[in-house]
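Right, one structure below, let's go through it.
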Amino acid sequence: MKINLRSKNGFTTVDLSIAMIVIMIFVVIMTSISNSVYSSSMEAKRTAVALNYAVDIFEHIGEVDISEVTASRDLLEISSLQNFVYENATTINGIDVITGKIGTYELRLEIEDYKGDGVVKIVRLIITYPVSKKKTETLELQRIKAIDKS
């Protein structure tokens, strides 16, 4: 009785090469997708942090008296902005401007007396922040602060 040592049930080199190529293509695609998801989630997180800063600032401005809404360092001394680094407060063409930073977030607060009578002020907040090495975003919001006559 003769024993056949050469079985035809195995994988050939061509089969293994094709399987390796398919696996490598799958790994490259999955890496690309996960990198894209990570970048998008980091961008969303940075935008959410910027919005939180804006909400904190506008809530604080809503609580203070209109006479305190000027280009002074005290305006942005808010407990939720503990890491705020004050840079400058000036008046440019009748608009009070406060600039500063919180980490990588650059804040610019512009306060404009609407008709020069101190009854209504327009407060504009501009936050600029990097979302990646090559891309920066700017968030610009504004609100109106008026004298409460109640």
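The numbers here are math on the coordinates, done by the rules we state, and not lab data. Quick caveat: nothing in here was measured; it's all calculated off a predicted structure. Cβ atoms come from the backbone with ideal geometry, glycine included; neighbour counts cover every protein chain shown.
Observations
- Euclidean distance between Cα centres, region 23-64 to region 69-136, Å: 23
- GNM top mover of A44, A19, A89 - the chain, alpha-carbon springs below 10 Å: A19
- Local electrostatic count, S67, Cβ distance below 11 Å [Lys/Arg +1, Asp/Glu -1]: 0
- Taking Lys and Arg as +1 and Asp and Glu as -1, the other residues whose beta-carbon sits under 15 Å from that of K45 total 0.
- Only DSSP H runs of four or more residues enter the estimate; each adds -39500 (n - 2.57), and after division by the residues of the chain the mean residue ellipticity at 222 nm equals -13000 deg cm²/dmol.
- Compared with the dominant principal axis of the Cα atoms in the chain, helix 13-63 is inclined by about 10°.
- Along the chain, counting only trypsin sites (Lys or Arg not before Pro) with a DSSP assignment other than H, G, I, E or B and at most 16 other Cβ atoms inside a 10 Å radius, the longest segment between sites is 9-114.
- Pairwise Cα distances in region 34-150 exceed 16 Å in 62 percent of cases.
- Loop-located chymotrypsin sites (Phe, Trp or Tyr not before Pro) in region 1-81 (DSSP state not H, G, I, E or B) with no more than 12 neighbouring Cβ atoms inside 10 Å: F11.
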